[in-house]
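Here the structure is laid out as structure tokens; the discussion comes afterwards.
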Amino acid sequence: MRQKIRIFVYVISIFLLLSKNCLSQIDVYVDPGHGGSASGTVNSNYPDALEKFINLAIAEKFVDSLEYFGDTYVMSRDIDAFVFNTDRAYEAIDLDAQAFISIHHNVDWLHVNKNI
């Protein structure tokens, strides 16, 4: 029974976080992970599809939806530039951001190289 209550509380919390009324009153710090010399995950089958580019593209789509709903946000980077993790965290703290969204992607190692 406790497990069901805990899951219910998590679901309600996520719903409240994503609802328009909640986000419209807070700042969202959006961090497209990696950037610059930190490429992130690399898939040998798609060498040009670096994680840093994918993260930035997804972050740009995400902030488009925040703008659509009139929510405020700050991005850690909006170009391919290296930003230290500590700088990202301190900036979010300094801005008193109410939500910190860091976007990353992982490699599906079963499909990276079929010869393994």
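The values are calculated or read from the model by the stated rules, or taken from the named source; none is laboratory data. Everything quoted here is computed from the prediction, not taken from an experiment. All Cβ positions, even for glycine, are placed from backbone atoms using ideal geometry, and neighbour counts span all protein chains on display.
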* Taking the range 65-99 on its own, how many of its residues are farther than 26 Å from Ala49 by Cβ, touching a helix residue (DSSP H, G or I) at 6+ places or on another chain (Cβ under 9 Å) and of a type in the set (D, E, K, R)? -> 1
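Just give me the residues in the range 57-81 being in a loop (DSSP other than H, G, I, E, B) and among the small types (Gly, Ala, Ser), in sequence order.
Passing the criteria: Gly70, Ser76, Ala81.
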* To do: Could you please find all residues in the range 45-95 being over 18 Å from Asn106 (Cβ atoms), small (Gly, Ala, Ser) and touching a residue at least 12 places away in the same chain (Cβ under 8 Å)?
  => Gly70, Ser76, Ala81, Ala92
* Every residue from the range 52-94 that is touching a strand residue (DSSP E or B) at 6+ places or on another chain (Cβ under 9 Å) and among the charged types (D, E, K, R) -> Lys52, Glu60, Glu67, Asp71, Arg77, Asp78, Asp80, Arg88, Glu91
* Asked: Has the range 24-33 got any residue that is at pLDDT 90 or above, in a helix (DSSP H, G or I) and closer than 14 Å to Ile103 by Cβ?
  -> no
* Asked: In the range 68-79, how many residues are surrounded by fewer than 16 Cβ atoms within 10 Å (Cβ to Cβ) and over 11 Å from Val28 (Cα atoms)?
  -> 5
